[in-house]
Every structure is written in structure tokens, then in C-alpha cells.
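Worksheet for the structure shown next.
Derivation of every value follows stated rules applied to the coordinates shown; laboratory data play no part. Source: prediction; values computed, not measured. Positions of Cβ are generated from backbone atoms using ideal geometry, with glycine treated the same way; all protein chains shown enter the neighbour counts.
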Amino acid sequence: MLKQQEQSALNKNIVVVGACGFGKEVAWLAKSCGYQVLGFLDDDEQLHGSQVLGLPVLGDLSCCTEYFAAAFVVAIGNPRVRQALVGKIEALRPHVKWATLTHPNVLIDDSVLLGKGTVVTAGCTLTTDINIGDHCIVNINSTVGHDCVLADFVTVAPLVAISGNVTLGQCVEIGTSASIRQGVTVEEGAVLGMGGVLTKSQPANTVFVGNPAKELVRA
């Protein structure tokens, strides 16, 4: 885990994995954090040799072995896809450097711990004693309250409000404008839909929607 003051020690060259919409946003974020973005990796062959935001698409994931002086970040919103891509890169590069990106205007206490490869975008507030795992996404203008725990590969979409003492399991996905009551646990692989208001704990691999949020389907 990294505290804010420790992030400056990371390599300042970066390669973004994923050249689509969120990849563009993460490249912008990386520049805002003082990184030099070398380009994108993407397995879509149609993108190879093209440019995104004026930056080259360098090739597929196997090209990660060519950039030993760079850190990497996976810019894919889907938690399970992101997890799979991280696994592929770590198999190719066992000692790969993962960048942790926090936009300069994020409000965040020194007690907050951020895992490797985690992305916190512009306008977010993370208060105190929060533990966020590896390769998580906390997207634009979201808030995370005191004593929350977000496990690895969690995705928090824009405008989400997470109250204090909330626990989100691995690969949980919280939709845009959703809110979660204090003390609630969302277990591994669960999804809370856009605008959902979660007032009770959510079982693993379920989809909850609505206000109050109710189970829609088990994944």
C-alpha cells in the first residue's frame, strides 16, 4: 500500500493499457500527475499504429516487455476484465511496475492507503482511515467515507457516495450516481446499478438496482 507522499517515488514514464474511452481519461490523469505518457497498449489490432489523444497505440499486451523503464496502469472499467489483463501482464513481466494515480485536486487524508495500480480521478474526496486495494478505480466526483475498505479490482463509477465503514469485496462494481449506507458490506463480484441506493448488505455475485436497491439477478 502507498501513502500519498510515497507516490512521488514511482517512475515518471507510464504506459496506459486500454486505448478506448477510459484509457483516454487515464492518460489525461497521468499527465496531470506529472507522468510522461509513452502511449497505449491494446489487443485490438485495428488500433495498432494509430494515435489516441496524439499518443501512439504501441501494440498489444505482449509489447509490455519492451518498456522496462516505464510504469503501467490498466484503464479498463470492467473489474473482471481488468483483473484478467493485470494477470496477463504480470505473467509476461513478473516485476512490472504499477503506477498509482491520484488527481492533484483530490481531497485525501494521509491516513488513506492506496494499492498499486489504483486510479483516483478528479473531484473525488477520500476522508480518513480508508484502505483501497490494488487496481481499483474511484471515478470522477465520488466520495468515500471514513473506515471504508475497498478490496482489489473494485470499480466505483462517477458521482458515487459511499458512507463510512463500508466494505466492498473484490471485483465489486458500483454504478454511476449510486449511494451506499454506512456500515454496509458488498460481497465479491456484486454489482450495484446506476442510481441505486443500497441500505443493506449485498451478497456476492448479485446485481442490485433501484431505491431502495433490490436484487435483480444473481451473476
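Look at where the Cα atoms of the range 146-164 and of the range 55-115 average out, and the two centres are 19 Å apart. With one equal scatterer per alpha carbon and no solvent term, the Debye-computed log10 I(q)/I(0) for the chain at 0.07, 0.10, 0.11, 0.18 1/Å reads -0.20, -0.42, -0.50, -1.23.
In whole angstrom, the range 56-143 maps to an equivalent ellipsoid with semi-axes of 26, 13, 12, each derived as √(5λ) from the alpha carbon gyration tensor and ordered largest first. Modelled spin labels at Glu66 and Gln182, positioned 7 Å past Cα toward Cβ, are 5.3 nm from each other. The distance between label points at Arg93 and Asp43 comes to 1.7 nm (points 7 Å beyond Cα on the Cα→Cβ vector).
Pairs of alpha-carbon atoms within less than 8 angstrom and 6+ residues apart define the contacts here; what relative contact order does the range 123-194 have, in percent?
Details: 231 pairs, mean separation 17.7, N = 72.
In percent, rounded to a whole number, it is 25.
To the nearest 0.05, how large is the calculated FRET efficiency for Lys214 and Asp147 if R₀ is 30 Å and r is the Cβ-Cβ distance? Could you put the intermediate results ahead of the total?
Numbers: r = 26 Å, r/R0 = 0.88.
That pair, Lys214 with Asp147, gives E of 0.70.
Could you list the trypsin sites (Lys or Arg not before Pro) in the range 64-99 that lie in coil according to DSSP, counting only those with at most 12 other Cβ atoms within 10 Å of their Cβ?
Values: sites: Arg80, Arg82, Lys88, Lys97; in loops: Lys97.
Sites meeting the loop and neighbour criteria: none at all.
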